[in-house]
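Okay, structure first, notes after.
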Amino acid sequence: MNPVTFESLPADAHKGEWLNWSKMADFQNQSPPVIVSGEGPYAIDKDGNRFLDGVSGLFTTQIGYSHGKEIGEAAAKQLEELCFYPNWAATHPSALALTERILGLAPDRMARVLLTSGGSESVESAMKLVRQHFLAKGQPLKRKIIARRGAYHGCTMGALALTGIPLSRVPFEPLDPNVRHAPNTHQRSCLYCHDKGGCTLTCADAIEQQILAEGPDTVAAVVVEPIQNGGGLPPADGYGARIREICNRYGVLLWCDEVITGFGRVGGWFASDRLGFDADICTFAKGITSGYAPCGGVVFTEAVGEPLINADTMYAHGFTFGGHPLACAVSLKNLEIMERLGVMDNVLANEDYYAAAMADVAASSDLVVEARGKGFYHSLELTDNALTAPVAGAVRKHGVIVRPDVRVKPMIVTALPLICGHAEIDELTGALKAALADVASA
Ligand SMILES: Cc1ncc(COP(=O)(O)O)c(C=O)c1O
């Protein structure tokens, strides 16, 4: 059976669907964009327009859109063999194989994997793991988590407490009172060092100050996005190692939220590895399936899990669909394809070209403050929030999808699928340049 076609649906079909993170008023009298298919790094809409997907379907479609047949066959075989069985005090071969696979790709110290269905679920799971780790160790006061301002860690109530973006938090406050927010890695506009000729890592030391202010015996973990999304903020060299030292000093767990940066986005299976964080816990989702199915998880060291084992305590958390056989089979096939296509080598071979092309865009327009990023994750900071939507709209008219984001800074965020090369980077940056010129002259 073929999938549902847009043409077979009633004209007002869009009226029933309540969209994620959307202003529904925008779609009372018009349909949202309808994407019907994809090919390579291109998404194709109902009218046949092809868009270069410059954000990889929200940092997800690492291998692009063309592997449905191969992945679908793996999925079908899995469903024929075992459609579902909950991973509650039980498991199945695909979950075991995926666990082994993830541990083979994760930083060496990692020893355990919990599987979920997405990013927010993974973050909730890690929050509770951290709490239970210290409870089981007989340190019940160690329950605070230090996150960073501007961070996005998901939208469920626990993950939202870690999220440092007022726009997302305010409607739902009060949130978990055990979270504190420390400064982020702003560099160019840093409170501490914008005028010092380079990062002094004072933003890392501010996390230490926060731990001391709270009392180290009350702090359980520090959570960071290895590259912060909202402001497109990569850390300076040495930041990861400094945070690691600080966490070691106070017996605090270091947790890297790799929901975006995991599985290749920054030219390593885990960005925390490449950026020297040496984390105790990593949360992941998105890229593990390239979007061909929902899956996520938490990978952590033996030392994180051990207290629960020693205390003979149940991890009091889990989801019916965590480790779903379909998601595991799809993840395994996606990882196989990623390796076969050599996407990591591709990112490493092209990241400098991507960075240089984005810097060239920044230099071409007075509307841009700076280009920054790493791997296949590069953003433009614009001069004004009001510019982001018009610029993204103009880029779309030039056949490319980018993400306007005003949550931390006025940003245009790009993250090409990891299969792209010079041609797509040129197409993306050409569209950006043209769009900026269009907006400047409007
Ligand atoms: C760092 C980070 N953590 C968590 C999440 C939440 O993931 P999800 O949307 O799959 O729940 C996101 C989503 O973009 C993210 O960027």
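Residues whose amide H falls under 5 Å from that of Y42, counting only those 5 or more places apart or on a different chain, are D53, Y65, with hydrogens built in the peptide plane. A dipole drawn for the chain from +1 and -1 charges on Cβ atoms has a positive end, and of I44, V343, Q30 the residue lying farthest that way is Q30. Each Cα pair under 8 Å and six or more residues apart adds its sequence gap; the mean of these over the residue count of segment 123-262 is a relative contact order of 26 percent. The protection proxy used here, the mean number of other Cβ atoms lying within 10 Å of each residue, ranks peptides 276-287, 167-178, 108-119 as follows, highest first: 276-287, 108-119, 167-178. Annotation: peptides 82-92, 394-404, ranked by per-residue average of other Cβ atoms within 10 Å with the highest first, follow the order 394-404, 82-92. DSSP bridge analysis restricted to the chain gives an antiparallel fraction near 65%, rounded to the nearest 5. A dipole drawn for segment 71-340 from +1 and -1 charges on Cβ atoms has a positive end, and of H92, A221, G297 the residue lying farthest that way is A221.
Listing I425, I35 from fewest to most neighbouring C-beta atoms within 10 Å gives I35, I425.
Say the dipole of the chain comes from +1 at the beta carbon of Lys and Arg and -1 at that of Asp and Glu; which of G57, C190, F134 then lies farthest toward its positive end? Among G57, C190, F134, the one farthest towards the positive end of the dipole of the chain is F134. What you get for segment 115-261, charging only the Cβ of Lys and Arg (+1) and of Asp and Glu (-1), is a dipole of about 240 debye around the Cα centre. Going 7 Å from the Cα of F172 along its beta-carbon direction, which residues of segment 318-349 have the amide nitrogen within less than 20 Å of the resulting point? Answer for this model: 318-322.
In a reduced charge model with +1 at each Lys and Arg Cβ and -1 at each Asp and Glu Cβ, the chain shows a dipole moment near 860 debye about its Cα centre. Counting other Cβ atoms within 10 Å as a rough exposure proxy, the listed residues S272, S94 run S94, S272 from fewest neighbours to most. Residue exposure proxy: Y239, Y353, Y292, ordered by other Cβ atoms within 10 angstrom of their Cβ from fewest to most, comes out as Y353, Y239, Y292.
Peptides 153-159, 201-207, 221-227, 408-414 ranked from most to least packed give 221-227, 408-414, 153-159, 201-207, packing being the mean of other C-beta atoms within 10 angstrom over each peptide's residues.
Over 29 Å between Cα atoms, which of K46/K286; K144/K196; K15/K433; K23/K144; K137/K333 qualify? K144/K196; K15/K433; K23/K144; K137/K333, as the Cα separations exceed 29 Å there.
For segment 179-253 versus segment 58-133, the spacing of their alpha-carbon centroids is 30 Å. Around the Cα centre of segment 185-271, unit charges on the Cβ atoms of Lys, Arg, Asp and Glu (plus for the first two, minus for the last two) sum to a dipole of about 240 debye.
Under the classification rounded if a/c is under 1.5, otherwise prolate if a/b is larger than b/c and oblate if not, where does segment 287-442 fall, given a ≥ b ≥ c as square roots of the Cα gyration tensor eigenvalues? Cα axes put segment 287-442 in the prolate bin. Restricting to Cα pairs below 8 Å that are 6+ residues apart, what does the relative contact order work out to for the chain? Please round to a whole percent. Relative contact order comes out at 21 percent. For segment 334-373 versus segment 258-321, the spacing of their alpha-carbon centroids is 25 Å.
In terms of its alpha-carbon gyration tensor, the chain comes out oblate; a/c meets the 1.5 threshold, while b/c is at least as large as a/b.
Short-range pairs are left out: with C-alpha atoms under 8 Å and at least six residues apart, the relative contact order of segment 223-369 is 19 percent. With an a/c value under 1.5 for the gyration tensor axes a ≥ b ≥ c computed over the alpha-carbon atoms, segment 153-297 is described as rounded. Dividing the helix sum by the residues of the chain, where each DSSP H run of 4 or more adds -39500 (n - 2.57), gives a mean residue ellipticity at 222 nm of -12000 deg cm²/dmol.
No lab work stands behind these numbers, since they all come straight from the coordinates. No experiment lies behind these values; they were computed from the predicted model shown. Heads up, the Cβs are rebuilt from the backbone with ideal geometry, glycines too, and the neighbour counts pull from every protein chain shown.
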